[in-house]
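Only one structure is covered here, and it is reproduced in the block below.
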Ligand SMILES: [Zn+2]
């Protein structure tokens with residue numbers, strides 16, 4: 001575990017004091033990365049407020065795809081448990097589902113009939129735009145499509161469910177017409193996607209399709225969250241400020257703007273003059289292009305494009321220390337016990353220490 | 001620290017008191033006047049109104065569904081006051097921090113979040129831990145979960161059901177049990193679109209009534225002070241007074257709390273088939289001493305409905321304004337978020353508004369009718385001050401009534417009601433009654449030994465102004481509000497019960513979870529250390 005100030009080893013107190021000094025004299029301090037457990041995220045967001053800075057998460061883009069569709073037109077959503085015990089019809093969408101959720105097939109128990117499905121028949125499983133081999137492993141009927149064509153495919157499917165014909169391609173039309181029949185015959189169907197591998201338009205089409213299907217039967221959605229506890233951090237952000245990430249406190253109260261407070265833009269435009277980069281789940285380094293001075297709170301193996309002013313290594317939540325984080329298997333926040341507890345510092349405690357060295361404002365957490 | 005609150009009008013119905021006098025506080029408790037001792041602080045509150053801290057028994061202030069609503073509606077909660085925060089995050093619109101500040105500013109010191117799905121309890125408690133100043137509590141929701149429904153269906157008997165309810169409360173750290181449209185969320189998963197008290201859940205052959213009876217009995221058997229808190233069937237539908245009356249009858253004289261009764265007070269009179277049946281319903285409440293209710297008053301403004309009655313919320317999607325809803329099929333209950341704009345020129349909304357006030361005015365016993373807007377379903381809790389003004393003044397009501405559609409007013413008895421709540425009635429309803437209903441013996445009154453939660457108001461003839469910003473508020477004897485402003489943060493506790501039950505049920509649940517979900521029920525635990533606050537919980541005694 002390294003603690004460095006300007007590349008030289010330093011005591012934790014001194015590093016925290018230097019980080020505080022750096023952040024406090026900034027015009028617009030930015031808290032970025034933000035891949036942390038709930039305690040870390042809470043401390044970071046509170047710090048952003050105290051500094052009148054802004055905060056963003058390295059995977060906000062993915063979370064915001066789902067959120068943007070929701071706040072545009074709403075959402076049907078369920079849990080992994082319900083899919084496991086109830087879904088007689090499962091539509092998997094996109095190429096990287098298994099990367100985003102390695103446990104998926106086992107957790108959803110797709111190879112067995114759903115326990116509470118009254119017919120107790122083998123599940124009907126479809127995979128639109130799967131990676132090679134994935135559909136076979138899942139026992140799914142494969143409907144090939146590159147990611148870019150998913151919205152058109154889903155639009156056609158939606159039209160087919162609504163009894164309209166829109167697509168001249170007879171082969172695909174036939175397959176989609178058949179799928180549309182199967183979806184409408186489902187008792188409790190589910191569509192599974194990951195915002196890491198499908199775009200906003202695809203998600204919009206999925207939600208539109210769910211709305212239509214629920215006119216006659218039951219169908220719902222299972223979004224797979226992205227890495228870095230972005231879903232969990234989004235929840236903490238929601239209750240602390242009312243908004244998800246990409247929120248700023250420059251005027252003393254929170255303002256949310258997905259363009260204005262995007263971390264790389266803030267740095268590259270020169271608006272953010274000091275940054276804090278938090279990456280406790282993996283060795284992610286910042287990707288901004290301008291060399292803004294920054295404080296790094298990261299896992300020990302992280303390699304940086306240019307050195308941080310202050311570097312404080314931390315442990316991984318749920319590995320080095322007990323943590324609360326979003327758990328895809330449960331679709332909620334859960335308390336994870338440390339898998340191999342160590343005395344590595346935690347994001348929350350490091351930020352609290354920095355906070356104690358600030359001279360202005362009051363700490364919330 | 002010894003504090004003397006000197007010369008205020010002390011309104012303390014638990015002690016039959018309404019008169020000028022002093023209140024003494026030592027540390028976190030109310031004490032007898034300390035003769036011969038010089039207080040460390042004296043507050044001259046001459047001309048002010050002194051009450052115990054208020055207790056809200058039903059307000060959706062935290063949890064997964066509330067947070068989804070925040071994220072769904074960024075346009076609804078720009079900072080409520082666009083000014084820099086005096087205390088951290090206190091101007092973040094609809095944040096947990098703002099919630100604690102604004103409740104405290106109104107003199108509230110304890111608030112119950114009434115809808116916590118046991119599997120999402122950790123999330124709810126994390127949010128509660130970020131609500132400053134006030135104490136909290138949660139109701140754990142049961143009644144649409146396969147384990148319970150199977151126990152009832154298989155005739156497992158009341159003891160097994162009580163054990164399961166006890167284990168669930170223990171794990172989710174709740175203060176009581178809520179049941180929301182019993183069986184309907186499960187039925188909705190089977191594509192059922194309407195669900196009555198005697199409708200049967202497919203695959204279980206169990207009526208809603210049977211589920212309610214079983215839970216009601218379990219709560220009694222466990223000695224939980226708060227009776228079963230019930231959100232019954234057919235919420236919001238014209239003619240649903242029949243359901244409410246049938247539910248009251250179904251309680252068979254046993255303790256039952258009926259939530260947000262206003263939403264069940266509708267008849268089918270008039271050419272729109274929608275009228276207020278509040279008078280009839282109030283009569284039934286008056287006649288059944290075992291029943292308590294909270295009103296769930298509607299106020300005219302934009303809000304959002306957040307309910308675990310997923311079937312009802314699904315059916316309400318067409319009324320969403322703005323046009324976007326979230327429908328969540330959860331592990332058991334799930335929920336729905338439907339934004340809604342109550343408008344004073346809308347016939348239906350005007351009838352709803354009037355029928356809530358009729359309930360306040362026609363239910364005689366302020367110990368059995370509770371003050372709520374079902375925040376945010378009827379209106380946000382921030383409208384409480386206006387609602388206090390309405391029930392305290394027939395003049396205030398008359399001026400509101402004048403602006404409503406005449407056709408709607410004719411569907412209610414409100415114009416004929418002259419009752420006005422006194423401060424004494426208000427203190428009964430918002431202090432004494434909730435402490436009794438929840439089993440919080442050291443709250444809701446100002447007897448020596450009580451927790452020093454004290455609210456002091458200006459006796460402002462503008463009652464809404466008076467209740468919006470208290471003059472002084474003490475939480476645990478600590479001055480937290482001065483003239484409506486938070487002086488500093490402190491973090492309160494979530495109050496919970498720990499009923500006794502046979503722990504054999506925990507082993508049975510482990511086997512069940514493994515078998516059905518392939519996971520351990522421990523994954524849903526709420527460890528104290530996870531909440532990041534010192535002493536995040538407080539204990540409420542059970543007694544058989
Ligand atoms: Zn409610």
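The values are calculated or read from the model by the stated rules, or taken from the named source; none is laboratory data. The structure displayed is predicted, hence computed values, not measured ones. Cβ atoms come from the backbone with ideal geometry, glycine included; neighbour counts cover every protein chain shown.
So which strands (runs of 3 or more DSSP E) are wholly in the stretch B:255-339 and hold at least 3 residues that are closer than 30 Å to residue B:364 by Cβ?
Numbers: elements: B:256-258, B:291-294, B:302-307, B:325-329.
Filter on the stretch B:255-339 gives B:256-258, B:291-294, B:302-307.
Checked across the stretch B:435-454, the condition of being away from every other protein chain (no Cβ under 14 Å), within 16 Å of the ligand (Cβ to nearest atom) and under 24 Å from the mean Cα position of the chain (by Cα) holds for at least one residue. Residue count for the stretch B:499-518, restricted to those that are touching a helix residue (DSSP H, G or I) at 6+ places or on another chain (Cβ under 8 Å), surrounded by 15 or more Cβ atoms within 10 Å (Cβ to Cβ) and in a helix (DSSP H, G or I): 7.
Residue-by-condition table, conditions (1) closer than 30 Å to residue B:86 by Cβ; (2) at pLDDT 95 or above; (3) facing chain B (nearest Cβ under 9 Å):
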site: A:213; (1), (2), (3): no, yes, no
site: A:218; (1), (2), (3): no, yes, yes
site: A:222; (1), (2), (3): no, yes, no
site: A:229; (1), (2), (3): no, yes, no
site: A:241; (1), (2), (3): yes, yes, yes
site: A:244; (1), (2), (3): yes, yes, yes
site: A:273; (1), (2), (3): yes, yes, no
site: A:277; (1), (2), (3): no, yes, no
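I'd like to check which strands (runs of 3 or more DSSP E) are fully inside the stretch A:49-156 and have at least 1 residues that are within 10 Å of chain B (Cβ to nearest Cβ) and surrounded by 23 or more Cβ atoms within 10 Å (Cβ to Cβ).
Working: elements: A:74-78, A:89-93, A:124-128, A:141-143.
Counting at least 1 such residues, we get A:74-78.
The selection criterion, being in contact with a strand residue (DSSP E or B) (Cβ under 9 Å, 6 or more places away or on another chain), more than 13 Å from chain A (Cβ to nearest Cβ), at pLDDT 95 or above and surrounded by fewer than 16 Cβ atoms within 10 Å (Cβ to Cβ), does not hold for residue B:529.
Go through the stretch B:137-154 and report how many residues are within 14 Å of another protein chain (Cβ to nearest Cβ) and either part of a strand (DSSP E or B) or buried (at least 24 other Cβ atoms within 10 Å of the Cβ) (or both). Give the steps one after another, and end with the answer.
Let us first name the residues in the stretch B:137-154 that are within 14 Å of another protein chain (Cβ to nearest Cβ), namely B:144-147, B:149-150, B:153.
From the residues that got through so far, the ones that are either part of a strand (DSSP E or B) or buried (at least 24 other Cβ atoms within 10 Å of the Cβ) (or both) too are B:144, B:149.
Adding up the residues that qualify gives 2.
Scan the stretch A:160-176 and give yes if some residue there is surrounded by 16 or more Cβ atoms within 10 Å (Cβ to Cβ) and either under 28 Å from the mean Cα position of the chain (by Cα) or at pLDDT 95 or above (or both), otherwise no. No: zero hits. Among the residues of the stretch B:465-477, the ones that are surrounded by fewer than 24 Cβ atoms within 10 Å (Cβ to Cβ) and under 29 Å from residue B:229 (Cα atoms) come to 2 in all.
Among the numbered conditions (1) at pLDDT below 95; (2) part of a strand (DSSP E or B), the only one that residue A:359 does not meet is (2).
Only residues that are buried (at least 24 other Cβ atoms within 10 Å of the Cβ) and over 23 Å from residue B:530 (Cβ atoms) were counted across the stretch A:17-32, and they come to 5. Being free of Cβ contacts under 8 Å to residues at least 60 places away in the same chain, out of contact with any helix residue (DSSP H, G or I) (no Cβ under 7 Å at 6 or more places or on another chain) and away from the ligand (no atom under 16 Å from the Cβ) holds for only one residue in B:246, B:289, B:250, B:284, and it is B:246.
Can residue B:379 be described as away from the ligand (no atom under 16 Å from the Cβ), more than 14 Å from chain A (Cβ to nearest Cβ) and buried (at least 24 other Cβ atoms within 10 Å of the Cβ)? First the steps, then the outcome.
Details: away from the ligand (no atom under 16 Å from the Cβ): no; more than 14 Å from chain A (Cβ to nearest Cβ): yes; buried (at least 24 other Cβ atoms within 10 Å of the Cβ): yes.
So residue B:379 does not fit the description; no.
Each residue in the stretch A:171-210 was checked for being farther than 15 Å from residue A:91 by Cα and in a helix (DSSP H, G or I), and 7 pass.
Counted as qualifying within the stretch A:279-342 are the strands (runs of 3 or more DSSP E) with 2 or more residues that are within 14 Å of chain B (Cβ to nearest Cβ), namely A:323-327, A:332-336. For the stretch B:239-250, the tally of residues that are in a loop (DSSP other than H, G, I, E, B) and touching a strand residue (DSSP E or B) at 6+ places or on another chain (Cβ under 6 Å) stands at 1.
One residue stands out among those in the stretch B:305-320 that are within 12 Å of another protein chain (Cβ to nearest Cβ) and farther than 26 Å from residue A:86 by Cα: the one that is nearest to the ligand (Cβ to nearest atom), which is B:320. Based on what the data block shows, is residue B:7 more than 14 Å from chain A (Cβ to nearest Cβ), surrounded by fewer than 24 Cβ atoms within 10 Å (Cβ to Cβ), away from the ligand (no atom under 16 Å from the Cβ) and on the phi > 0 side of the Ramachandran plot? So residue B:7 passes the test.
From the list A:20, A:48, A:43, the one residue that fits, being in contact with a strand residue (DSSP E or B) (Cβ under 6 Å, 6 or more places away or on another chain) and in contact (Cβ under 8 Å) with a residue 60 or more places away in the chain, is A:48. Consider residue B:19 carefully, then state whether it is over 30 Å from residue B:115 (Cβ atoms) and not in a strand (DSSP E or B). It is false that residue B:19 is over 30 Å from residue B:115 (Cβ atoms) and not in a strand (DSSP E or B).
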